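Below you will find the structure I want to go over with you.
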Amino acid sequence: MKDHVLDRIRNIDDLPTLPSVALEVLSLAHQSDVTIQSIAESIHRDPPLAAKVLRMANSVFYRRGDRKVDTLHHAIIFLGLAEIINITTSLSVFSALKSRKTQEVSVRESFWDHSVATGLIARHIDKKLGMRTMGREFVAGLLHDIGKIILDQYFHQEFMAAYNMSIEKDRPMYETEMEMCGTNHMEVGYFIAQKWNLPPYLADVVLWHHQPSQASSREMAALISMANLLAKAAQLSCGDRMSFVLADQEAWKVLKERGLPVDELDIERITFEMESIGDQVKSYISTVMEPSDKEQDNG
Ligand SMILES: [Fe+2]
Ligand SMILES: [Fe+2]
């Protein structure tokens, strides 16, 4: 039976869907003649989403200076179109995949903590290396493991067996998932990313974040791969917590090959800076979640 998990996921009728506005914004993003007006109008068609985007734009994560933005139009001018598209995508995925009562609260929490931490760390390294990925690194970090949420929702027992085995035996989740589910979170996540028409760089990161040298968006996949490892080193893991030497990792080698100054990264300093990451993660999650989401979580 386990060999058919991916096929069975392909045939599930009630897989989570992205809000139509998110799909529209993502497709507008690819058009060369996209305007501030068209993006703002599109987001406004989903008033709760519009309110959340505005709230995020004013949060500590995105706010620039003291000035509060009170319209989406202003938010786009201040943060730029790319960042607003990132925020819209993150919020939409977050709401599409948020809590299901069947899931274990501890796993779900560790999943989101790990995902947000990976996004924040990716943003940090991106700045240090001068990669200028324009906020796309945060979305990619946030979404890299979405396959785990789908496996957990629809194949809960098998997923939990893989999760526990990974912790007990100190083995990577993608290996134990393969054993227990006959697929892994990268394959499942890639399927969902394509189904949702997420931009190719995101689908690529979802599929290759454990083998970044195989990716088409190699730099981005390597950045997320490294952020993923550092999130685990900061004790923000969803599953395995294996130790590693960063300079031996595929991600490190890829970034180095691409001419990025990884050798200049002061890992001790980054590890020190990462100590506050747990608080930043909590602050991000409480900004994104509505009070009603939290109530649902306790249920
Ligand atoms: Fe992963
Ligand atoms: Fe991960």
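What follows is calculated from the coordinates using simple rules that are stated; it is not laboratory data. Please read all numbers here as calculations on a predicted model, not as lab measurements. Counting neighbours? That spans all protein chains shown, and the Cβs are built from the backbone with ideal geometry, glycine included.
For the chain, with a Gaussian network of springs between Cα atoms less than 10 Å apart, report the residue from Leu202, Leu97, Leu120 with the top mean-square fluctuation.
With Cα springs under 10 Å in the chain, the top fluctuation among Leu202, Leu97, Leu120 is at Leu97.
What is the distance in Å between the Cα centres of region 221-241 and region 40-63?
29 Å
Placing unit charges on C-beta atoms (Lys and Arg positive, Asp and Glu negative, everything else neutral), compute the dipole magnitude of region 105-245 about its Cα centre in debye, rounded to 20. Before the final figure, lay out each step's value.
On the way: 13 positive and 16 negative charges, 117 e Å.
Dipole about the Cα centre, nearest 20: 560 debye.
Given the options Asn184, Asn11, Asn164, which has the most mean-square fluctuation in a GNM of the chain, springs set between C-alpha atoms less than 10 angstrom apart?
Largest GNM mean-square fluctuation: Asn11.
List the relative contact order of region 84-203 as a percent without decimals, with contacts defined as Cα pairs under 8 Å and 6+ residues apart. Before the final figure, lay out the partial values.
On the way: 110 pairs, mean separation 26.9, N = 120.
Relative contact order of region 84-203: 22 percent.
Starting at the first residue of region 189-199, write each ³J(HN,Hα) from the Karplus equation 6.51 cos²θ - 1.76 cosθ + 1.60 with θ = phi - 60°, in whole Hz, x for Gly and Pro.
x, 5, 4, 5, 4, 6, 4, 7, 6, 5, x
If you average 1/r over every pair of different alpha-carbon atoms in region 1-51 and take one over that average, what Kirkwood value in Å do you get?
Working: mean 1/r = 0.0752 Å⁻¹.
Answer for region 1-51: a Kirkwood hydrodynamic radius of 13.3 Å.
Taking the Cβ of Ser38 as the center, what net charge do the other residues with Cβ under 12 Å away carry, scoring Lys and Arg +1 and Asp and Glu -1? Display every interim value, and only then the final one.
Numbers: positive: Arg45; negative: Glu24, Asp33, Glu41.
So the environment of Ser38 carries a net charge of -2.
From the backbone phi of region 146-158, what are the Karplus-calculated ³J(HN,Hα) couplings (6.51 cos²θ - 1.76 cosθ + 1.60, θ = phi - 60°) in whole Hz, Gly and Pro given as x?
The phi angles translate into 4, x, 5, 5, 5, 4, 5, 6, 9, 9, 4, 5, 5 Hz.
A further question follows. Find the Cα radius of gyration of region 204-293, compare it with 2.2 N^0.38 Å by division, and give the number to two decimals. Don't skip to the answer; put the middle values down first.
Numbers: Rg = 14.7 Å, N = 90, 2.2 N^0.38 = 12.2 Å.
Scaled against compact globular proteins, the figure is 1.21.
Moving on. For the chain, I need the span (max minus min coordinate) of the C-alpha atoms along each principal axis, in Å, sorted largest to smallest.
Computed over the Cα atoms, the extents are 51, 48, 36 Å.
Short version: ³J(HN,Hα) in whole Hz for each residue of region 270-283, in order, from phi by Karplus 6.51 cos²θ - 1.76 cosθ + 1.60 (θ = phi - 60°), x for Gly and Pro, what are they?
My calculation for region 270-283 gives 4, 4, 5, 5, 5, 4, 8, 4, x, 5, 5, 4, 4, 5 Hz in order.
Grab every C-alpha pair in region 18-97, bin the distances at 10 angstrom width from 0 up to the longest one, and report whole percents.
Each 10 Å bin holds this share of Cα pairs: 19, 58, 22, 1.
Taking the Cα centre as origin and putting +1 on Lys and Arg beta-carbons and -1 on Asp and Glu beta-carbons, what dipole magnitude results for region 155-213, to the nearest 20 debye?
Numbers: 3 positive and 8 negative charges, 36 e Å.
Result for region 155-213 is approximately 180 debye, rounded to the nearest 20.
What longest range of the chain stays clear of loop-exposed trypsin sites (Lys or Arg not before Pro) (DSSP non-H/G/I/E/B, at most 14 other C-beta within 10 angstrom)? Please report the intermediate quantities before stating the final value.
Values: sites that count: Arg45, Arg64, Arg67, Lys68, Arg100, Lys101, Arg132, Arg241, Arg258.
The answer is 133-240.
State the three equivalent ellipsoid semi-axes of region 128-258, derived from the C-alpha gyration tensor as the square roots of 5 times its eigenvalues, in descending order and whole Å. Please list the in-between numbers first.
Values: eigenvalues 112, 67, 27 Å².
The equivalent ellipsoid of region 128-258 has semi-axes of 24, 18, 12 Å.
Further, regarding this structure: Describe numerically, in nm with one decimal, the distance between label points set 7 Å from Cα along Cα→Cβ at Met242 and at Lys127.
3.1 nm
A further question on this structure: Taking Cα pairs under 8 Å and at least six residues apart, what relative contact order does region 100-294 come out at, in percent? Before the final figure, lay out the partial values.
Working: 267 pairs, mean separation 49.1, N = 195.
Computed value for region 100-294: 25 percent relative contact order.
Out of His185, His73, His30, any idea which swings most in a Gaussian network model of the chain, alpha carbons joined below 10 Å?
Its mean-square fluctuation being the largest, the pick is His30.
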